[in-house]
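We did not get these values from a lab; they are worked out from the coordinates using the rules stated. Note that the structure is predicted; figures quoted are calculated from it, not measured. No Cβ is skipped: glycine too gets one built from the backbone with ideal geometry, and neighbour counts run over all protein chains shown.
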Protein chains: 2
Amino acid sequence: MKIVALAGGIGGARFLRGLRAAAPEAEITVIGNTGDDISLFGLRVCPDLDTVMYTLGGGIDEEQGWGRAAETFTVKEELAAYGVGPGWFGLGDRDFATHIVRTQMLAAGYPLSAVTEALCDRWKPGVRLLPMTDDQVETHVVIEDDQGRRAVHFQEWWVRLRASVPALSIAAVGAEESKPAPGVVEAVDAADVVLFPPSNPVVSIGTILAVPGIRDAVAKKTIVGVSPIIGDAPVRGMADACLTAIGVETSARAVAELYGLGLLDGWLVDDADADVRVEGIEVRARPLLMSDPDATAAIARAALDLALELKREEDAQ
Amino acid sequence: MKIVALAGGIGGARFLRGLRAAAPEAEITVIGNTGDDISLFGLRVCPDLDTVMYTLGGGIDEEQGWGRAAETFTVKEELAAYGVGPGWFGLGDRDFATHIVRTQMLAAGYPLSAVTEALCDRWKPGVRLLPMTDDQVETHVVIEDDQGRRAVHFQEWWVRLRASVPALSIAAVGAEESKPAPGVVEAVDAADVVLFPPSNPVVSIGTILAVPGIRDAVAKKTIVGVSPIIGDAPVRGMADACLTAIGVETSARAVAELYGLGLLDGWLVDDADADVRVEGIEVRARPLLMSDPDATAAIARAALDLALELKREEDAQ
């Protein structure tokens, strides 16, 4: 069985770990969001790809959900001693090595997809991890504060400001001119089903779908998504701030409608949202809190089962 | 009083610390060797400049003579886990931060001299530290081993091979086309005296003098050097391997002759070499082992006193 999953950071990575446990024989290709990639200290940092790689590779800081376990921060402290920032982005010593390797390979001319493959040679995540694109796409957020109205990098809004300033708009700069990374469209074409983990529907899944060619490719497939919203709040993170920015209500129903007909075939919502109905989409309710690996695997299994069921129905028609 | 000193790494740095202690009121400009600079992991490493900066700034590993005190090696271990080398060059986590800042500034278009000044803003070495040039000059060594005859970077010969393979020749690649960094010639012109610390006469002092314009500028000044050779062995390091490569005997006399007439006015040798005579050069003998900071300050004071004495004589003529 071949599965393609789109994924952002922490929530996506945890779901994928559950999926790998739930379907150990499946060939899983992950299309990772690179819109929140950022250059810091001259090094290229890919937070979502790394979170997936570290989580599935056993190197993640479990408590925090991102960054390396047993991390130290000597390099960052030394950079601060030189007066070099930003200090608000948490880069540990172990993590720095990843960015040093990546930056060196990019400078040598390797595309990000080849770099990601090389990094995964070490981590052996048990999935094929592809960046959505080898081109540079950066999510920018327009905010307005005492410095006036301006666009900042997504990470500045998300990490430095903790999304405390409302986003007036969110744009994936460069997405329109970008191409899917090698293997992305081929993996989708070959997939039995496509899954949307409970990642951020705007700045993770939405950004991946903004790469021309990816939306069209996945639209041909049976797609099941897992709602990142339970009741009126994100399962984790600050997805509500992103939904508000694009004028979408923070609810399981509204996110399903955002993904839209022609894309989603099935939608897994939490029991709290059991009354949600979306025309043309099969909605199923179950507990969606990824409270531990077993619970997460059960959610992934339910998503996969629903996708396979819907695919059989489609194939039968 | 204005003093200019040329300097390589450990020996030069220790001498300079002694000089600063011996002449606390003097304005000292250090022209540092950059011929052993190397790019590692995509980062620009300047071993000699950093050794001077760390030593005079109080950050050096005193035992080792290079690298940072209280150093850790997490980044390097992680790079090795990615299969990324070289492992033979000892870069610690604290040290990495220096190279990250330097590389980022160089990439932003700042010349090495401006970068060095920015790094020294933190370390406050109490001297003005200038790279010999902002241009890239790399010392290469021709060796012959079971892989055949080939040129390797100086650091590969010096650090990886520990100079165990004879150097057939040594070349400062790029030196001929290089220009002195801003301020170098001006500092020499304004100097009362010029000192050559007991640095490597071939790959440190020799490389600095190979930058067109520097030799001519210093030649106009009263110059006193401190012999890096005691008896038939280097005070520290493997200068003998470099001298042999260029066909020069390992002796205090041969090094003085290498620097040559028209350059050296005075030459400080160890008591063990009290019988050394070099025509046209005032040779003085005294203990030259830089065994502790006080002994080193006394050596620096003796070099400075000899230089001032010879300058007075010249001025009187």
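Run the label-point distances for B:Glu25 please: 7 Å along Cα to Cβ, every other copy, nanometres, shortest first.
In ascending order, 8.9 nm.
Under the rule of at least 5 residues apart or a separate chain, name every residue whose amide H is placed under 5 Å from the amide H of B:Lys179.
Hits under the 5 Å cutoff: B:Asp134, B:Asp135.
Roughly how crowded by other chains is peptide A:97-106, in terms of the mean Cβ count from those chains within 10 Å of each of its Cβ atoms?
Taking all residues of A:97-106 together, the mean is 6.
Mind checking the log10 I(q)/I(0) for the stretch B:135-277 at q = 0.17, 0.21 Å⁻¹? Debye, one equal scatterer per Cα, no solvent, two decimals.
Relative scattering, expressed as log10 I(q)/I(0), comes to -0.99, -1.30.
I'd like the FRET efficiency for B:Lys220 and A:Gln64, computed as 1/(1 + (r/R0)^6) with the beta carbon distance as r and R0 of 51 Å, rounded to 0.05.
Step by step, r from the Cβ atoms, then E = 0.25.
Can you tell me which of A:159-168, B:294-303, A:202-211 comes out highest on packing, and rank the rest after it, using the mean Cβ neighbours within 10 Å?
Descending packing order for the listed peptides: A:202-211, B:294-303, A:159-168.
Expressed in nm², what is the orientationally averaged projection area of the convex hull enclosing the Cα positions of the stretch A:12-56?
For the stretch A:12-56, averaging the hull's shadow over all directions gives 3.3 nm².
Could you give me the radius of gyration and the Dmax of the stretch B:1-134, taking only the C-alpha atoms into account and expressing both in angstrom?
Considering the stretch B:1-134 through its Cα atoms, Rg and Dmax are 14.9, 52 Å.
Work out the mean other chain Cβ neighbour count within 10 Å for the residues of B:114-127 and drop it here as an integer.
Mean shielding by partner chains, rounded to a whole number: 1.
What residues qualify as long-range amide H neighbours of B:Thr29, i.e. H under 5 Å apart, gap of 5 or more or another chain, H built at 1.01 Å from N?
Under 5 Å from the amide H of B:Thr29 lie the amide H atoms of B:Ile3, B:Val4, B:Ala5, B:Arg128, each far enough along the sequence or on another chain.
Within the set of other residues whose C-beta is less than 14 Å from the C-beta of A:Glu249, count the net charge using Lys and Arg as +1 and Asp and Glu as -1.
Spelling it out: positives minus negatives among the neighbours equals -3.
How many lysine pairs does chain A hold where the Cα atoms are under 23 Å apart and the two sit 8 or more places apart or on different chains?
9
Reported to two decimal places, what Rg/Rh ratio describes chain B when computed on Cα atoms with Rh from the Kirkwood expression?
Checking Rg against Rh, the ratio lands at 0.95.
Anyone know which of B:Pro197, B:Pro24, B:Pro182 comes out most mobile in the 10 Å Cα GNM of chain B?
Among B:Pro197, B:Pro24, B:Pro182, the largest GNM mean-square fluctuation belongs to B:Pro24.
Which FRET efficiency, nearest 0.05, do B:Leu168 and B:Ser291 yield, Cβ-Cβ r, R0 35 Å?
About 0.50, to the nearest 0.05.
Within 10 Å of each candidate Cβ there may be at most 15 other Cβ atoms; applying that plus a DSSP loop requirement, which GluC sites (Glu not before Pro) in the stretch B:74-179 survive?
Hits after loop and neighbour filter: B:Glu176, B:Glu177.
So for the protein assembly as shown, considering every pair of alpha-carbon atoms, how many percent are separated by more than 43 Å?
Summing the P(r) of the protein assembly as shown above 43 Å gives 39 percent of all pairs.
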